[in-house]
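I have placed the structure first, in the form of structure tokens, so that the comments after it can refer back to it.
The values are calculated or read from the model by the stated rules, or taken from the named source; none is laboratory data. A quick note: this is a predicted structure, and the numbers were derived from the prediction, not measured. Cβ placement follows ideal geometry from the backbone for every residue including glycine, while neighbour counts extend to all protein chains displayed. Ligands, DNA and RNA are excluded from the accessible area calculation, which covers all protein heavy atoms including side chains. Shrake-Rupley method; radii C 1.70, N 1.55, O 1.52, S 1.80 Å.
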Amino acid sequence: QVQLVQSGGGLVQAGGSLRLSCAASGFTFSSRHMGWFRQTPGKEREFVARTTRGGGSTYYADSVKGRFTITRDDRATYLQMNSPKPEDTAVYYCATERGYSGSIDPNDYDHWGQGTLVTVSS
């Protein structure tokens, strides 16, 4: 079955760096667009970044543009978080897009990782 297993979260100081990983199995990874989202208590899940199935095109939320980078290889997707800020503190999720529209709506994503907590201290 489809599995997305995340790793790499934790505590980081503001201005530092952290890399999240999302290892995929159970499906043809190269055929799916991938995205990263985040969520804080009491708030809706928020788009962070996405990449196309070939990795040639990426798109970012304005709040992370220039600081975060989404990449992928043949079996995982990654979110490199540089210069994180305290407001980036959240549970981060990777997900597969159901279609190929390049959506940033979490409702258009069908399989999700287990989530990993990132805490940015000031």
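Overview of results
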| read-out | value |
| --- | --- |
| Filter result for the condition that a residue is at pLDDT below 95 and within 20 Å of Gly115 (Cβ to Cβ), over Phe68, Phe27 | Phe27 |
| Considering residues of segment 1-49 that are open to solvent by 60 Å² or more (accessible area, probe 1.4 Å) and of a type in the set (Val, Ile, Thr) only, the residue farthest from Asp74 (Cα to Cα) | Val5 |
| Elements of type strands (runs of 3 or more DSSP E) contained in segment 65-122, each with 1 or more residues being without any contact (Cβ under 8 Å) to a residue 60 or more places away in the chain | 68-72, 76-82, 90-97, 109-112 |
| Test: residue in segment 13-23 that is closer than 19 Å to Trp112 by Cβ, of a type outside the set (A, V, I, L, M) and outside any strand (DSSP E or B) | no |
| In segment 47-56, residue nearest to the chain's Cα centre (by Cα) [restricted to those that are farther than 21 Å from Gly10 by Cα and touching a residue at least 12 places away in the same chain (Cβ under 8 Å)] | Arg50 |
| Pairs, first closer than 16 Å to Asp105 by Cα and in a loop (DSSP other than H, G, I, E, B) in segment 29-43, second modelled with pLDDT under 95 and basic (Lys, Arg), C-beta under 7 Å, six or more apart | Arg32/Arg53; His33/Arg53 |
| Extreme residue, surrounded by the most Cβ atoms within 10 Å (Cβ to Cβ), among residues of segment 50-82 that are under 18 Å from Gly99 (Cβ atoms) and among the polar types (S, T, N, Q) | Thr77 |
| Filtered residue count, segment 1-12, keeping only those that are assigned to a loop (DSSP other than H, G, I, E, B) and touching a Ser or Thr at 6+ places or on another chain (Cβ under 6 Å) | 2 |
| Residues of segment 35-46 satisfying the condition of being on the phi < 0 side of the Ramachandran plot and over 8 Å from the mean Cα position of the chain (by Cα) | Gln39, Thr40, Pro41, Lys43, Glu44, Arg45, Glu46 |
